[in-house]
1. Please list 3J(HN,Hα) in residue order for the range 127-143, calculated via the Karplus relation 6.51 cos²θ - 1.76 cosθ + 1.60 where θ = phi - 60°; whole Hz, with x for glycine and proline.
2. When only the heavy atoms of the protein chains count and the probe is 1.4 Å, how do Thr69, Thr80 rank by accessible area, highest first?
3. Report the normalised scattering of the range 1-89 as log10 I(q)/I(0) at q = 0.17 Å⁻¹, calculated by the Debye formula with identical scatterers on the alpha carbons.
4. Can you list the trypsin sites (Lys or Arg not before Pro) in the range 45-81 that are in a DSSP coil and have 15 or fewer other beta carbons within 10 angstrom?
5. At q = 0.21, 0.27, 0.28, 0.32 Å⁻¹, what log₁₀ I(q)/I(0) does the range 1-51 have when each alpha carbon counts as one equal point scatterer in the Debye sum?
6. Would you mind telling me the share, in percent, of accessible area of the range 1-82 contributed by carbon and sulfur at probe 1.4 angstrom?
7. Per-residue HN-Hα couplings for the range 149-157, Karplus 6.51 cos²θ - 1.76 cosθ + 1.60 at θ = phi - 60°, whole Hz, x for Gly and Pro?
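The values are calculated or read from the model by the stated rules, or taken from the named source; none is laboratory data. Just so you know, these numbers come straight off a predicted model, no measurement behind them. Here Cβ is always computed from backbone atoms with ideal geometry, including for glycine, and neighbour counts include all displayed protein chains. The protein model used for the area step is the full one, side chains on, heavy atoms only, and it has no ligands, DNA or RNA in it. Shrake-Rupley method; radii C 1.70, N 1.55, O 1.52, S 1.80 Å.
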Amino acid sequence: MRSAAADDAAVIESSRREPERFAVLFDRHAPHIHRYLARRAGREVADDLVAETFLTAFAKRDRYDLSYTDARPWLYGIATNLVGQHRRDEVRQYRIRQAATAEPAMAGHAERVASDVTAQAMRPLLSAALAALPDGDRDVLLLIAWEQLTYDEVARALAIPVGTVRSRLHRARAKLRQALAGTGAAAAHEELTTNE
């Protein structure tokens, strides 16, 4: 049996003979995949989607390219495809977030209050702008901004060329910039558009 520190490719390879070894991959990456799915589809469906992601990965482990030692992009690709299957739920979640009321501010923290109020005011605008993006553009933008994947990792995750990642990201940023222009949403926009 290989050590727990084996790279993902080694874990996947050994899981082909010893299926229980696949649990190492789950332990390593489930928190990241869960966070991504919770942001994309909401916490109430994230647990189910994480389970589906790892069940799909387990079923497809024989086809995993062992030359890649990090399985995260592969898992993000599976998770993104599952989100695509739940697209109607995702749009509904964005609308629910738009309707959410602001949390009460803590007294005595004027700076935090101002920041929270601004963030709460911008959330509906940002959610609407994200929901209006084409699916592929939104997938690329969120994998880069939220999950901090590289262009190469996003290309691998979504099975698209790196050039397509770059063009989708550029298009998504431009559309967000246009949608948020003049709204004072610069901070929210910067959070999604400056991470590369």
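1. Along the range 127-143, the couplings run 4, 5, 5, 5, 5, 7, 5, x, 3, x, 5, 5, 4, 4, 4, 6, 5 Hz.
2. Final ranking, largest accessible area leading: Thr69, Thr80.
3. -0.66
4. Passing both the DSSP loop test and the Cβ count: Lys60.
5. Each listed q corresponds, in turn, to -0.71, -0.89, -0.92, -1.09.
6. Of all accessible area on the range 1-82, carbon and sulfur atoms account for 53 percent.
7. 6, 7, 4, 4, 5, 5, 4, 5, 4
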